[in-house]
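Here is the structure we will look at.
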Amino acid sequence: MAPLTSTDAMELPEQIEPRHAVRGRVRRRAPVDYDDCRVRAADRSLQHTVMPQARTLVMGDPQAPFARVMEVLERHGAVDGEGQLAAGVVLVSIGDHFDYDLADPVTAGQEGLRVLRWLASHDAAQVQLVFGNHDAARVMELSAVDDAQFARAGELARSIADTAQRDGWVAASRRERAEFLPRFPEIPTYGLAGRDYASFCVEQRQLVIELLLAGRFHLALAGELLDGRAVLLTHAGVTARELALLGMPDERDPRRIAARLEARLHDAVERVRADWQRGVMTPLSLEPLHVAGRAGEEGGGLLYHRPACPERRGADRRWEFEPTRPRRFEPRTLPPGLLQVAGHTGHHKCMAELGDAWPTNAARHRAHGGIRTLRAHGDRVIYDLGILPAAPGAADLYLIDSEMRSVPAAEYELLELARLVKSGIWT
């Protein structure tokens, strides 16, 4: 793979002027009303400039109240005195901007809107938004649902969840088939309404549509770590399955993989653009890369899958690793020699899914949070805290969902990159 050069750097916001020597200035914007942010279209200029002193930060899944998101960014020196991103800061949000509080899903839904609007109020080159499964569900599984329907579905879903807790999974499944699916055929499972996407509202769907039409969401980005290594950024990681579906099973250049994934998202949006613009809620489809849920079945694939040990206690291999819609992936299916960054799976979930053999002692003694490395090197798999030193030939996945709602803001880590690089989507 050819070394990255300065001409590969992604362009920065028009508000940030190129710096010469050690000086530069930023044209200040008026203070932003967070509750009235509007999305601006992505800048698709082919003229990419370099800002050597920029800080590029990658934020794990921001599923938390707006105030917590801002506190995290402030503690990393990423916010200016006007409540906007500071001059010279480029921020990547790794996706999943909704759904975090089952106790108060309505408030959580409004907070998610506020977070995503604030992020999208910045120039398209200063804030890069990665498409997560919670974002995608608004225009896939929930594309045909209105607020009144969803409220009724949520009420029944919570009743069925109580049945599951009291009488077991078989009794809950019987109620799902007999009561939930006939009444709400648009919603694949009661769990989506009562748990996974409980904070949904139509306003969220409209915002996601606006962002997709404006080109603000990315399925993948390419970047460079501080030590110069090239890295692929996606919401949940890429395995051998996705590379095969992309027609590039042996590709290891993050730029080329990102470009192919971006092209798939672009084509998917173009297929529904006319319908969306006239108010017809045709579901977005990224199949077969990412498969949305259908009646009685949860979705799987690119934005849903998580690393898991097939031999762990309680594993359902047939359901979890079903090849056309996998909910889990075996770490040894990560492409050797490809370095990746993903969110989607926090430490607590990893410890539940990865079994006993792969986590280190340090990982076992941590309850929540942190940036972690999942490494597959030949037949060996290791899951550890922090960023492990480079190992040629290994498949490394840096997991950066640090469980923002579960850890103090002072302990929440952001991953710093040297820069983002062009993926080729504009060339």
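Read-outs throughout are calculated quantities, based only on the coordinates presented, and are distinct from any laboratory measurement. Treat the numbers as computed from the prediction; the structure is a model and nothing was measured. Positions of Cβ are generated from backbone atoms using ideal geometry, with glycine treated the same way; all protein chains shown enter the neighbour counts.
Data table
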read-out: Solvent-free Debye scattering, log10 I(q)/I(0), computed from the Cα coordinates of the chain at q = 0.12 Å⁻¹; value: -1.00
read-out: Karplus-derived 3J(HN,Hα), 6.51/-1.76/1.60, for each residue of segment 123-129, Hz, glycine and proline x; value: 4, 4, 8, 8, 10, 9, 9
read-out: Coil-residue trypsin sites (Lys or Arg not before Pro) of segment 217-282, DSSP, other Cβ within 10 Å capped at 15; value: Arg229, Arg278
read-out: Diffusion coefficient, µm² s⁻¹, Stokes-Einstein with Kirkwood Rh over alpha-carbon pairs of segment 281-418 at 37 °C and 0.692 mPa s; value: 206
read-out: Segment 287-347, relative contact order [Cα under 8 Å, separation at least 6], %; value: 29
read-out: Calculated FRET value between Ala390 and Ala148, using beta carbons and R₀ = 56 Å, to 0.05; value: 0.55
read-out: Dipole in debye (nearest 20) - the chain, about Cα centre, beta carbon charges: Lys, Arg +1; Asp, Glu -1; value: 520
read-out: Residue exposure sequence - Thr324, Thr56 - by fewest surrounding Cβ within 10 Å; value: Thr324, Thr56
read-out: Cα gyration tensor shape of segment 84-215, rounded if a/c is under 1.5, else prolate or oblate by comparing a/b with b/c; value: prolate
read-out: For Lys422, Lys349, order by how many other beta-carbon atoms lie within 10 Å, fewest first; value: Lys349, Lys422
read-out: Mean Cα-pair separation over length for segment 145-196, i.e. relative contact order, pairs under 8 Å, 6 or more apart, %; value: 47
read-out: Simple Cβ-charge dipole of segment 145-196, Lys/Arg +1 and Asp/Glu -1, about Cα centre, in debye nearest 20; value: 220
read-out: Relative contact order (percent, whole number), the chain, Cα cutoff 8 Å, 6+ residue spacing; value: 19
read-out: Cα pair distances of segment 169-271 binned at 10 Å [whole percent]; value: 12, 28, 26, 24, 8, 1
read-out: Helix-only CD estimate at 222 nm, as mean residue ellipticity for the chain, using -39500 (n - 2.57) per DSSP H run (n ≥ 4); value: -8000 deg cm²/dmol
read-out: Percentage, to the nearest whole number, of Cα pairs in segment 145-196 over 12 Å apart; value: 57
read-out: Whole-Å distance, taken between Cα centres, linking segment 379-409 and segment 244-274; value: 25
read-out: Footprinting exposure proxy for Thr360, Thr107 (fewest neighbouring C-beta atoms within 10 Å first); value: Thr107, Thr360
